[in-house]
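The values are calculated or read from the model by the stated rules, or taken from the named source; none is laboratory data. Computed from a predicted model, the values in this text were never measured in an experiment. Note that we place each Cβ from the backbone using ideal geometry, even for glycine, and neighbour counts take in every protein chain shown.
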Protein chains: 2
Amino acid sequence: MTDTSTLQSIDARTGQPSGESWAASTPAAIAATVAAASEASAVWAASDGATRARLLRGLASALEAAREQLVPLADRETALGTARLNGELVRTAFQLRGFADVVEQGAAFAVQDDAAVAGAPPVGRPRLTLVRVPLGPVAMFAASNFPFAFSVLGGDTASALAAGCPVVVKGHPAHPALSRMTIALAQRVLADQDLPAGLIGFVEGAAIATGVQLVQAESIAAVAFTGSFFGGTALAKVASDRPRPIPFFGELGSVNPVIVLPQALRSDVTELAQTLAGSICQGSGQFCTSPGVIIVQKDVAGDAFVNALATQLSSLSPHAMLTPGIRRAFDKGTRHWRETSGVRPLVADVAESGSTPRPCLVEVDTTTFVSDTSLHDEVFGSAAIVVRTDASSQAVEVLHAIGGSLTVTLWGVDAGTSAPDADTLALVRAAAQAAGRVLFAGVPTGVAVTAAQHHGGPFPASTAPATTSVGYAALDRFLRPVALQDAPAWLLDRDGVPC
Amino acid sequence: MTDTSTLQSIDARTGQPSGESWAASTPAAIAATVAAASEASAVWAASDGATRARLLRGLASALEAAREQLVPLADRETALGTARLNGELVRTAFQLRGFADVVEQGAAFAVQDDAAVAGAPPVGRPRLTLVRVPLGPVAMFAASNFPFAFSVLGGDTASALAAGCPVVVKGHPAHPALSRMTIALAQRVLADQDLPAGLIGFVEGAAIATGVQLVQAESIAAVAFTGSFFGGTALAKVASDRPRPIPFFGELGSVNPVIVLPQALRSDVTELAQTLAGSICQGSGQFCTSPGVIIVQKDVAGDAFVNALATQLSSLSPHAMLTPGIRRAFDKGTRHWRETSGVRPLVADVAESGSTPRPCLVEVDTTTFVSDTSLHDEVFGSAAIVVRTDASSQAVEVLHAIGGSLTVTLWGVDAGTSAPDADTLALVRAAAQAAGRVLFAGVPTGVAVTAAQHHGGPFPASTAPATTSVGYAALDRFLRPVALQDAPAWLLDRDGVPC
């Protein structure tokens, strides 16, 4: 999309435009949308759990009711396939209803009350009541790879609304017609429930200026972003360079190391290899949790596993990628791997011109990987780099070099009750230091929406590693604690909500 | 202190040096201190609550045992007076023991467990266990104005140690001898308890480079800072410009508006004025919560209150300030007020050359205050600006112009059970939007250490407004959630601590 002044729906499989193009949001329209969100702030901050839950459930039902229109359109714009997209729509509705449940149960309204204590400080003190207040309008940048679950009515929107914050969605230009259809549904739900239209605003445009204007808008109070390292770090800087900096909750990339310990390779390796190959190719590798670094010891069993993984990957045919730009980045990233000294290809090198990508698997030793930081960057798509280690202490080095990841997967750690040896213990600790989620079984793709989920991790996985963008704790991002000192009775009667 | 290569203990009252000067930490010494902290990270992250509590209580007892040496030295270096400093030492010990209690009770080790659910996603899911892991070594920048409670063994150190993180304290050059005496105590406690010396590291030096090197050190995982807007924003930028940005928990300044509603002025105003004047002059105004903006309606009762406040203030004699630099900033800030068009002095203009400062009180109308952003900056010391309003909606404008503050105090809100009128409600909401603590009685100086405390607030009060630097939630800053997926039994037996 080189012309950033217009939006155009494009068939992701053929690259052909579908229908007419339309103009991006003007600066005046963006300003008006932010103003409407700001206008809606006070009433929504003062809303109770039942009101918020009704909206969230209304949005879930509206998505489901429009499934027959939404899924084919999403499929045309993303090439993700109707099976996956139907599942994603179900997940998105589930998530909206999940936030409805937790906010109805009081998640946003918890109060911590410390009674006054007579006497002099430090023991004596006034009454303090800790409440949480919604931050205000949240700018939400939709992702390309989850056109429902991380887009207009995805997890960021659901959690912000549950927390009491209006959202201004920046639609992703890779699925512009779907975004428009979804926001139209949302607007109908707001109207049906007599809620202000400004509660779920929408701006669109592929120009950098569109996002920058949104993040700079004075009344925007926080940003939720899922996307590229380049775009995310640039917008994070805009957020922190404001006269009044605002929190930037960004998910900027993750290589999701999978560490295959020798203990995992004692039985048949084909099934393990098949599972991992499937995870690498799922959705054409366009998952934030797609495994990108596979750490395998240098021994006979390790060789057998790596060979089996290469064989399994070669047999898979990832589907077309989301956009020509994402495809170009995939081709460029895998080409860089193949051209790097010390990197060996494990699957046949193929022409880059095909309409669908071929999976890429390369191998490198630990020393080369650790010293060449260009190999630590995420290659978005069905591509993984196998790092061969001499011992588990080298796996720790690899994790340290990667630094931050949404997930680390450890295969082969003893599941029993006796603690493993010191080396394995050190590896588990290194995994917890590097990631927001540590898996001891299964693959990292697939992120359950639940209370104990954590989808974050040290930079660049997240710009706010203490927070999560999936699971019910996501709403905590949009609330700020305030201690009320000697609060009047009427305020405490309203659970301390000063709205 | 123009020579930043050495440290020198100075009598804050006379400005005279005391004893010999000594050299600041060399770059090599800083690197070695950080390395020792990094080395101590794993063992401390794996420590249990009892071990951490024993250290914290040991530090508290060591402070108390050395009171006779510490307080006179602190008094000489700060001029804060022995009564205040004795109280502050008591508070610091109380705080260390408070963190000992909460960590012993499990505050850092809470686990949230979501059982596996059979079936396909989104309902079906693996077992997820949410734990928190310590971030790693914390760089802690001591403040000048609380030589015990926000210095070497202050709240940041106590909360980081409780969370399982080593600290590297950057001593404040305004009380260098006290800092050295305190770190020596701490090192003796570590040795007595067979704990690594690297657990509480110490670097010193007034040069900017000292702090920058510390924040840039690769193994430093977070920064806790209490200090000036200028220094804090510069170091925050260093933290976010690292190849791997780290969290920066900075408290950079606060004007602590006090809104005196007409209802508060129905009875005798002298006592109110006396209370407020006392708060403005407490510790020579060198409190982060010192009231700097007083919002009073333009009417007869308001005039009477402002006159009473001026009278009370004129009768007070703040003591010498902490350093010549702080005194120069006070003189410069109050001079700027007096020279600003539309600003009227309320207490006699006095020569700036005296050894102790005179309280400063000026008056301005709302329009001038809102439009002149130079009036929104904190003037650290016994100085306040009275903003006169036509109605409570103008008070909302003033709060909005200020933007972020540690506290907002509202005097005159009905304490009963019936909600107040819409204007007062809007004012309460604006206060909660602007501050981390909203008081409905009393003065903002004095911050209780308790679970429901929140010492933070929108920028510039805090660079991380969701976090607090006072109260037991302060330890949350140094822990990061990690979801363990299908964790082995042995790991869950250790409360999921992967260390």
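Only a single item in (1) part of a helix (DSSP H, G or I); (2) farther than 25 Å from A:Phe230 by Cα is not met by A:Arg328, and it is number (2). Considering only residues that are more than 8 Å from chain B (Cβ to nearest Cβ) and among the small types (Gly, Ala, Ser), look in segment A:125-147 and name the one that is farthest from A:Ala158 (Cα to Cα). Top of the filtered list is A:Ser144.
Restricting the search to strands (runs of 3 or more DSSP E) fully inside segment B:342-439 and requiring at least 2 residues that are within 14 Å of another protein chain (Cβ to nearest Cβ), farther than 30 Å from B:Arg328 by Cα and within 29 Å of the chain's Cα centre (by Cα) gives B:405-411, B:435-439. Among the listed residues A:Val168, A:Val138, A:Val123, which satisfies the condition of being in the same structural domain as A:Ile220 (by TED's automatic domain parsing) and closer than 19 Å to A:Ala60 by Cα? Answer to the check: A:Val168.
Do we find a residue being assigned by TED's automatic domain parsing to the domain that holds A:Ala217, assigned to a loop (DSSP other than H, G, I, E, B) and under 21 Å from A:Gly205 (Cα atoms) anywhere in segment A:25-34? Scanning segment A:25-34 turns up at least one residue that is assigned by TED's automatic domain parsing to the domain that holds A:Ala217, assigned to a loop (DSSP other than H, G, I, E, B) and under 21 Å from A:Gly205 (Cα atoms).
Scan segment B:246-266 residue by residue and report those that are in a strand (DSSP E or B) and closer than 30 Å to B:Ser392 by Cβ.
Once the filter is applied, which keeps residues that are in a strand (DSSP E or B) and closer than 30 Å to B:Ser392 by Cβ, segment B:246-266 yields B:Glu251, B:Val258, B:Ile259, B:Val260.
Has segment A:473-487 got at least one residue that is closer than 29 Å to B:Thr467 by Cβ, touching a Gly at 6+ places or on another chain (Cβ under 7 Å), within 8 Å of another protein chain (Cβ to nearest Cβ) and without any contact (Cβ under 8 Å) to a residue 60 or more places away in the chain? There is no residue in segment A:473-487 that is closer than 29 Å to B:Thr467 by Cβ, touching a Gly at 6+ places or on another chain (Cβ under 7 Å), within 8 Å of another protein chain (Cβ to nearest Cβ) and without any contact (Cβ under 8 Å) to a residue 60 or more places away in the chain.
With respect to being assigned by TED's automatic domain parsing to the domain that holds A:Ala434 and within 28 Å of the chain's Cα centre (by Cα), A:Asp303 falls outside the description. If you go through segment A:103-123 and pick out every residue that is surrounded by fewer than 23 Cβ atoms within 10 Å (Cβ to Cβ) and more than 8 Å from every other protein chain (Cβ to nearest Cβ), you end up with 13. From the set of residues in segment A:132-163 that are under 21 Å from A:Arg244 (Cα atoms) and among the small types (Gly, Ala, Ser), which is surrounded by the fewest Cβ atoms within 10 Å (Cβ to Cβ)? Top of the filtered list is A:Gly136. Restricting A:Ala40, A:Ala66, A:Ala46, A:Ala50 to those that are assigned by TED's automatic domain parsing to the domain that holds A:Ala184, over 26 Å from A:Thr356 (Cβ atoms) and in contact with a Pro (Cβ under 8 Å, 6 or more places away or on another chain) reduces the list to A:Ala40. When restricted to residues that are more than 14 Å from chain B (Cβ to nearest Cβ) and under 15 Å from the mean Cα position of the chain (by Cα), segment A:227-250 contains 3. Evaluated against (1) closer than 17 Å to A:Ala277 by Cα; (2) out of contact with any Phe, Trp or Tyr (no Cβ under 7 Å at 6 or more places or on another chain), A:Ser371 falls short on exactly one condition, (1). Looking at A:Glu88, A:Glu77, A:Glu39, just one residue is in contact with a His (Cβ under 7 Å, 6 or more places away or on another chain), touching a residue at least 60 places away in the same chain (Cβ under 8 Å) and of a type in the set (Asp, Glu), and that residue is A:Glu77. Condition first: touching a residue at least 60 places away in the same chain (Cβ under 8 Å) and under 27 Å from A:Leu80 (Cα atoms). Can you find one or more residues in segment A:234-248 that meet it? Within segment A:234-248 (the criterion being touching a residue at least 60 places away in the same chain (Cβ under 8 Å) and under 27 Å from A:Leu80 (Cα atoms)), the answer is no, since none of the residues qualifies. The set of residues in segment B:369-418 that are of a type in the set (S, T, N, Q) and either farther than 19 Å from B:Leu439 by Cα or surrounded by fewer than 18 Cβ atoms within 10 Å (Cβ to Cβ) (or both) comprises B:Ser371, B:Thr373, B:Ser374, B:Ser382, B:Thr389, B:Ser393, B:Gln394, B:Thr417, B:Ser418.
Taking the numbered list (1) closer than 30 Å to B:Trp411 by Cα; (2) in contact with an Asp or Glu (Cβ under 8 Å, 6 or more places away or on another chain) in turn, A:Ala461 passes all entries but (1). Name every residue in segment B:268-304 that is touching a strand residue (DSSP E or B) at 6+ places or on another chain (Cβ under 6 Å) and part of a helix (DSSP H, G or I), in order of residue number. Those that are touching a strand residue (DSSP E or B) at 6+ places or on another chain (Cβ under 6 Å) and part of a helix (DSSP H, G or I): B:Ile280, B:Gly302. Out of curiosity, is B:Ala62 surrounded by 23 or more Cβ atoms within 10 Å (Cβ to Cβ), over 30 Å from A:Leu439 (Cα atoms) and at pLDDT 95 or above? Judged against the criteria, B:Ala62 is not a match. Pick from segment A:440-463 the residues that are closer than 20 Å to B:Thr467 by Cα and more than 12 Å from the chain's Cα centre (by Cα): which of them is nearest to the other protein chains (Cβ to nearest Cβ)? Across segment A:440-463, the extreme among qualifying residues is A:Phe459.
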